[in-house]
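Here, each number is a calculation from the coordinates, and none is a lab measurement. Worth saying up front: this structure is predicted, and the values here are computed from it rather than measured. We place every Cβ from the backbone using ideal geometry, glycine too, and count neighbours over all the protein chains shown.
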Amino acid sequence: MHEIVRKEFSKYYSGLGAEDFQVPDMPHREFAFLQFGGEVMIRHMKFLDPASLKEYIVENTPAHIYHSSAYYETPEATDMNEKGWLGADLVFDVDSDHIRTECKERHDRWRCTECGMEGAGFPPESCPRCGMKKIDTRTWICEDCLEAAKKEVIKIIDEYLVPDFGVSYSDFEVYFSGHRGYHIHVRSQTFRMLSGDGRREIADYVRGIGLDIKLHGFREVKNELLVGPDMKDGGWRGRVARAIYEFVNRASLEDLKKAVSPAVAKSLFENKDKFLKNIESDPPYWGGLKGYTLESIEKIASASIKDLICNIDERVTIDSKRLIRCPNSLHGKSGLRTLRVDYSSIDDFDPLKEAVAFRHGSIRIYVKEAPRVRIGDEELGPLKDKTLEVPLALGLYLICRGAAEPR
Amino acid sequence: MSLMLTKEDLAKYPFLKQSAAYIESMQLNLGDLAAEEYSGILSKALMRIRDSIDRKIRPVDLSDPESEIISYPLSLALVYGSKSNWLLNRFASIEAKRVEEELRKEPGDRILEIAKFGFSWEIERVDLKLEYEELPFSIPLQSYLEAATNFNDAHWKLINRYVKGGSVFLNSGSLARLISEGFKSKIIRRASEREMHNFRIPDTLAPHMDEILRYAQENMQFDEELPQGLVSDARPPCIVAIMEDVKAGKSLSHMARFALTTFMVNVGESVDEVLKLFGNVADFDEGKARYQIEHIAGMIGSRTKYKPPKCDVLRSFGLCVGMDQFCKKAKHPLNYYRTKLKILGGSGGQTGARDRKKGV
């Protein structure tokens, strides 16, 4: 990495106050660093207070700074079994890379390293030409990707953490990761001692993995006599009921045909009002349509819940010993800050503006190739093979992304 | 209102703190229990262990609750002293099943009391009435997850439970099962605590210990060793799918790599064979890969031979590609492999396995 990036990172860290390096329960956390150009993580570091962490960072200027989601008795022990695990925050990692957004057609490219075929957008599972799975990707982020990631964060919190898991708004913190998405750190005691298996259940819960609606009250009592849950019910039970109601209410005949057989779809579409009224009634009634069975409901349910399941990197949630980016540290692949987001005003949060660390100065760069990029209020591109003077934050962003060089 | 616990209750539910207090009040020494005057208790304890080896669930003998109560810690000491994980698991399962059967006969309020006294779970009576279903109890989410992640059935998955406001709502049957599972974990967890590592049975009890070990040995069903080499036809669908991805040069996720490597190592493939598999992967680095495989095989580093993740974990990581008929009975890819090996012919001995081996 270029010396100029390191120098600017160093200036940024020197300018911060010690309190900006605060991490809850610091003495029990492991800290880890990745140096510029380094491949090996410097791990098992312990800092008793924010000032000594700052001192280390200013002196060494790492490219990436992490702390453990876990709390340890002896965070500096190099053998994981000797650290003495005392629990861990529950973390959700939302990464826009994993969300299929339309904007990916505009800024992402993939290439098969086997046959050389190339394309735009979300990478295919295997190469459409040679069938191999040696797919290289070159991805970028834009406002739309980050907006999609933000929506996932809101969904996790408002749809699951608060109503189902009973987490209060003071028990979690939301961070912009400094690059592709957001992290949610849940610090309540409820989750602290959860094992990996318990965390896996939580991850599966928000991802809709293993859902069986027959276990949520849907039953065939007699032929075509279907009973099921109330939309007011809690947890997935009520969620599925509401999702089906909403889906059928909004669905066109074509939408329904994609979920169930044409005959059932037609009957459902023509008797929509009656079907919805039956679900609203007390007790709700889920049958009464010709050919409409428990299996039809299962199919409609899986089509209905698509927007309700959360796109998270499950590995992060399941892992009870994960390393997570430190608040206010810079992301070495973007030069943006890992920034705490006030959840009450998350709707207005603009990560590409508020996480900008370098607010003054400019830099002359040579851009190899870049799509349209915005950092702060400055926009650029798409462009190729061009040398130009840009605001420092934008220039460092392109350099960190590997798309530009200082000139 | 708290219900009175009788001696019979303490005999039926050995995990109650009152049971432990009762035993403590008798100030017995483990070594003394080999003496003639306690022979009734000793034979009860030995029977408890033999029952568990035979998978026999014997109802609690309430004609003499006192010796029933004391026989539990004695049988537990013998099981811990045996240092046999097989016996430990068997004993814990059968003791738990017995508790579950007893609990199912109890009225709801009693189950609630027993749960409160046995564990530090904050269970509450809620009487939630749903359409065609009643859920009288609620348990904090974390307590539920602590006890219920050992279950593999779909209806124990959190997503299939009524979850609201940080609580999981249960009927009495589920609560009974949860308590018995909590009991089972308690027995097993205690065995791995540091102070248990040096635990030895007093010499006076040693002959009985030998007897138990002999009986256990005779009854261990089949050797856990797998044949030395992969039998392609016995592979579970998840492993087949990962192998196809490898063949297509896909850069595998860490979990996929781990699952494949541990699977291959556990069916007896050599490090070189496993390395060959990965040769086509886009980001292959032989030195690094060899190091990691040797680590997983327990040849270097912590010297632990790692097992593949269980089916539940593979499902969470999106590596389960759908079940076939064998998957329905298996909870673990190696289970699947063992069962299918048996069906494919023979008990899966070392010879023959190689012969059946096909290219992968």
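For the reader, a short list of remarks on this structure follows.
- Counting only alpha carbon atoms, the long axis of helix B:39-53 and the longest principal axis of chain B meet at about 30°.
- Label zone at residue B:29, where the point sits 7 Å out along the Cα-to-Cβ direction: region B:182-222 residues whose backbone N lies under 20 Å: B:199-209
- With Rh defined as the Kirkwood radius, the inverse of the mean 1/r over Cα pairs, the Rg/Rh of region B:159-208 is 1.27.
- Restricting region B:1-98 to trypsin sites (Lys or Arg not before Pro) in coil, as DSSP defines it, with at most 16 other Cβ within 10 Å: B:55, B:56, B:83
- Ranking of B:261, B:339, B:149 by count of other Cβ atoms within 10 Å, fewest first: B:339, B:149, B:261
- Distance between the pseudo-spin-label points of residue A:273 and residue A:254 (7 Å out from Cα toward the beta carbon): 2.5 nm.
- The longest stretch of chain B left intact once loop-based GluC sites (Glu not before Pro) with at most 13 other Cβ atoms within 10 Å are removed from consideration, loops following DSSP, is B:226-360.
- The percentage of C-alpha pairs in region B:54-161 whose separation is greater than 25 Å is 35%.
- For chain A, the orientation-averaged shadow of the C-alpha convex hull comes to 23.4 nm² (one quarter of the hull surface).
- Binning the C-alpha pair distances of region A:137-193 at 10 Å intervals from 0 yields a P(r) profile of 21, 46, 25, 8, 0 %, listed from the shortest bin outward.
- Chain B, helix-only ellipticity at 222 nm - DSSP H runs n ≥ 4, -39,500 (n - 2.57), divided by all residues, nearest 500: -16000 deg cm²/dmol
- Extension gain, residue A:290-residue A:379: 0.36 nm per intervening residue step, less the Cα-Cα distance, totals 26.3 nm.
- Distance between the C-alpha centres of region A:18-43 and region B:92-121: 46 Å, rounded to the whole angstrom.
- Taking the longest Cα principal axis of chain A as reference, the axis of helix A:3-15 is set at about 80 degrees.
- Of B:325, B:142, B:217, the one that fluctuates the most in a GNM where chain B has Cα springs shorter than 10 Å: B:325
- Where N is the number of residues in region A:213-307, Cα Rg divided by 2.2 N^0.38 Å: 0.95
- For region A:238-291, the spread of Cα coordinates along the three principal axes comes to 29, 22, 15 Å, biggest extent given first.
- Shape category assigned to chain B from the gyration tensor of Cα positions, a/c cut at 1.5: oblate
- Taking N as the residue count of region A:362-406, its C-alpha radius of gyration divided by 2.2 N^0.38 Å amounts to 0.94.
- Alpha carbon convex hull of the protein assembly as shown, projected area averaged over orientations, nm²: 38.7
- Take the Cα radius of gyration of region A:1-149 and divide it by 2.2 N^0.38 Å, N being the number of residues; the result is 1.37.
- By the rule of a C-alpha distance below 12 Å, with chain neighbours fewer than 8 residues away ignored, the aspartates and glutamates paired with residue A:7 are A:59.
- Label-point gap, in nm, between residue A:346 and residue A:266 - each point 7 angstrom along Cα→Cβ: 4.5
- Alpha carbon centroid spacing (whole Å) that separates region B:150-184 from region A:241-258: 32
- Here the scattering of region B:232-356 is modelled by Debye summation over its C-alpha atoms, one equal scatterer each and no solvent; at q = 0.11, 0.18, 0.19 Å⁻¹ the log10 of I(q)/I(0) is -0.37, -1.01, -1.12.
- Order of A:47, A:176, B:326 under a 10 Å beta carbon neighbour criterion, fewest first: B:326, A:47, A:176
- Cα point-scatterer Debye curve for region A:334-393, base-10 log of I(q)/I(0) at q = 0.12, 0.17, 0.29 Å⁻¹: -0.35, -0.65, -1.27
- Of the chymotrypsin sites (Phe, Trp or Tyr not before Pro) in region B:53-159, the ones in a loop by DSSP (not H, G, I, E or B) with at most 16 other beta carbons within 10 Å are B:132, B:151.
- Cα→Cβ-extended label distance, 7 Å offset, between residue B:133 and residue A:42, nm: 5.5
- Alpha carbon centroid spacing (whole Å) that separates region A:150-206 from region A:295-347: 8
- At 1.002 mPa s and 20 °C, Stokes D of region B:108-185 from Kirkwood alpha-carbon radius, µm² per second: 172
- Relative contact order for chain B, counting Cα pairs under 8 Å that sit 6 or more residues apart, in percent: 15
- The amide H of residue A:328, built 1.01 Å from its N in the peptide plane, has A:338, A:339, A:340 as neighbours under 5 Å, considering only residues 5 or more places off or on other chains.
- Of the trypsin sites (Lys or Arg not before Pro) found in region A:178-252, those in coil by DSSP whose Cβ has at most 15 other Cβ atoms within 10 Å are A:232.
- Restricting the calculation to Cα atoms, region A:293-349 yields a radius of gyration followed by a Dmax of 18.6, 55 Å.
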